[in-house]
Amino acid sequence: ESDGVLTPGLVTVSSVALSHDGKNLYATGSGEDAIQVFSRDATTGLLAGSQIVRDGVAGVSGLDGVRDVVASPNGDFVYAVSATDDAVVAFTRTANGQLLFLDAVLDGQAGARLDGAFALAVSPDGKNVYVASDAEDALSMFAVVAETGELGPGGSFADGVAGVNGLAIAQSVVVSPDGKHVYVGGRGDDAIAIFSRDQFLGTLLFQSAVTGAGLDGVTDVAISPDGNFLYATGFDDDALVRFTRNPTTGALTNPSVTSHAAGVEDGLDGPRSVEISRDGRRLFVTGDVGSVLAVYRRDPDNGVLKRIQAEVDGARTGDALAGVRATAVSRDGRHLYAAAPIDNAVVAFVPEPEATLLAFVAA
């Protein structure tokens, strides 16, 4: 059964990530400086707590104020970033999904700019980790040691240095599915910074920064599985912006803005996160102002969206969505998990194929 609300380690839960084999879910609790490890029932979607990794316990360091967590594509490693320790932390993932601390890279080490480390992404080939840091207006690069999962130096970019722009208050980062480009949401610049990526070395080259309607206060970016579209949430614009992505150049064009409609529960009142299902047919947006998890049907061919459901905190008994701000959808598409920091909860849903898309499972 689910461990429920107020699980130790989930105080101010800020992010969730699923392992690629779907057997585990990892949730960060910044209020506890901890990562909670759950085992996942692939049939029911229910979670059972199996481990808590806490800063300062059993030799673990770097998790003070932990904000974001990701799992490597090969399933062997898990990485997290913390805003208070200004660090990126590496773990080995065991056969049962538990975490063994490897190392923590701190701000200033190996040329990293990690002050206020906010979000991170692993490249699809697993060779690199990229970290967006909002207090330092920066993007840092790390090379993954294939045998151990440890992070080696890769350099960094800072807003306003050497012609780079769009990184002010960087709070999101995503690598394209083809591994050719990296995109960073700069909330302070109301922009998306575009970098080309050397697929052999993992190094980056700044290309440009995109601004425009709907991008005021960019909080998150996501790319469709086919790599043809990018979506960004504009917190201050109460908007979701769709771009056409050129897979060759990485350029973002043809923006289309979907704005919050007054009195409508669309997830766009202060949107925090956006995620797309692996089949490309569903898009999920969290709006923490109204504590709403909204579901959009997505046309994989043209990227067009149609809102079909909105889950609002308190609408169902025990749904625990207060302040919802992050999601993780399983690779098999069978379950969706949402992180709600005010309720200190991870909530599980079953995406149904038709109109009633989210069937509540447990909190």
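What whole-number value in cubic angstrom gives the convex hull volume per residue for the C-alpha atoms of the chain?
Considering the Cα atoms of the chain, their hull volume per residue is 112 Å³.
Calculate what fraction, in whole %, of the accessible area of the chain sits on carbon and sulfur atoms when a 1.4 Å probe is rolled over the protein chains.
Solvent-exposed carbon and sulfur of the chain make up 49 percent of the total.
Of the listed peptides 295-307, 279-291, 321-333, what is their order by residue-averaged count of other C-beta atoms within 10 Å, with the highest listed first?
279-291, 321-333, 295-307
What are the lysines whose alpha-carbon lies under 28 Å from the alpha-carbon of LYS127, with same-chain residues fewer than 8 places away excluded?
LYS23, LYS180
Roughly how many nanometres apart are two label points built 7 Å out from the Cα toward the Cβ at VAL350 and ALA58?
Label-label distance for VAL350 and ALA58, simple model: 3.3 nm.
For the stretch 298-304, just list the computed ³J(HN,Hα) in residue order, Karplus coefficients 6.51, -1.76 and 1.60, θ = phi - 60°, integers in Hz, with x standing in for Gly and Pro.
With coefficients 6.51, -1.76 and 1.60, one gets 10, 7, x, 6, 10, x, 5 Hz.
Starting from 0.36 nm per residue, how many nanometres of slack lie between THR253 and ALA315 once their C-alpha separation is accounted for?
Extending this stretch completely gives an extra 18.5 nm.
Can you classify the stretch 149-229 as rounded, prolate or oblate using the Cα gyration tensor, where a ≥ b ≥ c are the square roots of its eigenvalues, rounded means a/c under 1.5, and otherwise it's prolate if a/b beats b/c and oblate if not?
Oblate is the answer for the stretch 149-229, as a/c is 1.5 or above yet b/c matches or exceeds a/b.
For a paramagnetic label modelled at 7 Å from the Cα of HIS20 toward its Cβ, which residues of the stretch 80-107 fall within the zone defined by backbone nitrogen distances under 14 Å?
Label zone hits: 93.
Roughly speaking, what is the stretch gain from ASP236 to SER50, that is 0.36 nm per residue apart minus the C-alpha to C-alpha distance, in nm to one decimal?
Contour length minus the Cα-Cα distance gives 63.1 nm.
Write down the accessible area per residue of the stretch 69-219 in Å², having rolled a 1.4 Å probe over the full set of protein chains.
34
The values are calculated or read from the model by the stated rules, or taken from the named source; none is laboratory data. Note that the structure is predicted; figures quoted are calculated from it, not measured. So basically every Cβ, Gly included, is an ideal-geometry build from the backbone, and we count neighbours across all protein chains shown. To get the accessible areas, we keep the full protein, side chains included, count just its heavy atoms, and leave off ligands, DNA and RNA. Shrake-Rupley method; radii C 1.70, N 1.55, O 1.52, S 1.80 Å.
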